[in-house]
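K.L.:
Sharing a structure with you now.
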Amino acid sequence: MSPRKVIIDTDPGQDDAVALLLALASPEDINVLGITCVAGNVPLALTSKNALMICELAGKVDVPVYAGCDRPLGRELVTAEHVHGETGLNGPVLPDPEMALQSGNAVDFIIETLRREKPGAVTLCALGPLTNLAKALKKAPDIADRVQEIVLMGGAYFEVGNITPTAEFNIYVDPQAADIVFKSGIFIVVMSLDVTHKALVTNARNEAFRALGTPVGKAVADMTDFFERFDKEKYDSEGAPLHDPCVTAYLIDPELFSGRHVNVEIETQSELTMGMTVVDWWDVTDRPSNALFMGDIDADGFFALLTDRLARL
Ligand code: RIB
Ligand code: CA
């Protein structure tokens, strides 16, 4: 089967970095048409620079990288240096990128790519706030019918919020954008905290990265050593949840995951629950299903795939 054509929208972030490395290590499964960067974990200038550094770390300097929106559609930007560090990629020591960003804007790249490719040929993968995707849908409503599906990391239901009591970070940063995306009519696979909190990088799993003995293996282990301190302290867990790689792993082996087709709507009115993903898990409304909301993962299989693919870089 030919590799799936994807655009990866991202706010690197250590877990975004691992998701990008997994995608770039898997050309037989994933054809990365481009990487589009958005403000989220850290400001846009840093998420864009980090994306370039990750492409160079992977030795994939021909992947076009675009900068997109530097703030949410209608709210002040909230960032997460307390989790990811000042640069967003704290942990490894990586050289400044020699690669340059593409001159165009990420939003226009998304629109032009979807209009150029056959309808249904391109999957949008979103690893950060949904600002770029929402802006593209607002600017070019015709592209909605041309997207194969959206696979995104975001939201939570049984796991509740990680940035507020009710909201997950990516959705919370730009709830208006998330509302546009979830009402777009495009089918969405949601890798929520319900599933990503079961993808924990235990010491053994992180040592398997380091044991690869490669610059990529070391960098990923160093990223995780830094990234996990926040979640381990907050949740008293065995390790950091590897949120974003669940998205790219799904593209390679969807059988690693299981979930339920449900309706998901986004809270955009109340500040108390702003950005909450309101999931009709028990089908108690007449709201149509718009998402496959993942709740479970074969964690051992996920980490085996991830380690195996990272060994290629
Ligand atoms: O809530 C976790 C999500 O927010 C991940 O995508 C992480 O990278 C941050 O963007
Ligand atoms: Ca992210």
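Here, each number is a calculation from the coordinates, and none is a lab measurement. Owing to the predicted nature of the structure, the values given are computational and were not obtained by experimental measurement. Every residue, glycine among them, receives a Cβ derived from its backbone with ideal geometry; neighbour counts consider all protein chains shown.
K.L.:
With θ taken as phi - 60° and the coefficients 6.51, -1.76 and 1.60, list the Karplus ³J(HN,Hα) couplings across segment 4-20 in order, rounded to whole Hz; mark glycine and proline as x.
P.N.:
Result, rounded to whole Hz: 6, 7, 9, 10, 9, 9, 8, 10, x, x, 4, 6, 4, 4, 5, 4, 5.
K.L.:
If amide H atoms are built 1.01 Å from N in the plane of the peptide, which residues on other chains or at least 5 residues away come under 5 Å of the amide H of residue 174?
P.N.:
The answer is 130.
K.L.:
Sort 269-282, 13-26 for me by packing, meaning the mean count of neighbouring Cβ atoms within 10 Å per residue, highest on top. Walk me through the intermediate numbers first.
P.N.:
On the way: 269-282: 16.5, 13-26: 27.6.
Averaged packing, sorted descending, gives the order 13-26, 269-282.
K.L.:
Right, here's the next one. Could you tell me which of 160, 279, 133 has its Cα farthest along the dipole of the chain towards the positive end, charges placed at Cβ (Lys, Arg +1; Asp, Glu -1), taken about the Cα centre?
P.N.:
It is 133, whose Cα lies furthest towards the positive end.
K.L.:
Along the Cα→Cβ direction, 7 angstrom out, place labels at residue 203 and residue 238. What is the inter-label distance in nm?
P.N.:
1.2
K.L.:
Can you show me the helix-derived [θ] at 222 nm for the chain, built from DSSP H runs with n ≥ 4 at -39,500 (n - 2.57) apiece and divided by the number of residues, rounded to the nearest 500.
P.N.:
Working: 12 runs with 115 residues, N = 313.
For the chain, the value works out to -10500 deg cm²/dmol.
K.L.:
Would you kindly derive the ³J(HN,Hα) couplings of segment 52-67 from the backbone phi angles with the Karplus curve 6.51 cos²θ - 1.76 cosθ + 1.60 (θ = phi - 60°), listing them in order in whole Hz, with x for Gly and Pro?
P.N.:
Karplus values, whole Hz, x for Gly and Pro: 5, 5, 5, 4, 5, 4, 7, x, 10, 7, 9, 7, x, 10, 10, 8.
K.L.:
Spelling out what I want: for every residue of segment 119-131, take phi, set θ = phi - 60°, compute 6.51 cos²θ - 1.76 cosθ + 1.60 (Karplus), and round to whole Hz; glycine and proline get x.
P.N.:
x, x, 8, 10, 9, 9, 10, 10, 10, x, x, 8, 4
K.L.:
For residue 259, which sequence-distant residues (separation of 5 or more, or a different chain) have an amide H within less than 5 Å of its own amide H, given hydrogens modelled in the peptide plane?
P.N.:
Result for residue 259 returns 295.
K.L.:
Where does each of 77-85, 254-262, 302-310, 167-175 land if you order them by average Cβ count within 10 Å, highest first? Show your work: numbers first, answer last.
P.N.:
Details: 77-85: 18.1, 254-262: 15.7, 302-310: 19.7, 167-175: 28.0.
Ranking the peptides 77-85, 254-262, 302-310, 167-175 by packing returns 167-175, 302-310, 77-85, 254-262.
K.L.:
For residue 30, list long-range residues whose amide hydrogen, built 1.01 Å from N in the peptide plane, is under 5 Å from its own amide hydrogen.
P.N.:
Residues meeting the criterion, in which the H sits 1.01 Å from N, are 4.
K.L.:
Compute a Gaussian network model of the chain, connecting alpha carbons closer than 10 Å, and tell me which residue from 301, 185, 213 fluctuates the most.
P.N.:
So, out of 301, 185, 213, the one fluctuating most is 213.
K.L.:
Counting DSSP beta bridges with both partners in the chain, what percentage is antiparallel, nearest 5?
P.N.:
On the way: 11 of 40 bridges.
So the antiparallel bridges amount to about 30 percent of the total.
K.L.:
For segment 220-273 and segment 117-137, write down the distance between their C-alpha centroids in whole Å.
P.N.:
Measuring centre to centre over Cα atoms gives 19 Å.
K.L.:
In the structure shown, do any of 5/135; 139/218; 5/139; 198/218 have a Cα-Cα gap over 30 Å, and if so which? Could you put the intermediate results ahead of the total?
P.N.:
Values: 5/135 21 Å; 139/218 41 Å; 5/139 22 Å; 198/218 23 Å.
Pairs exceeding the cut-off: 139/218.
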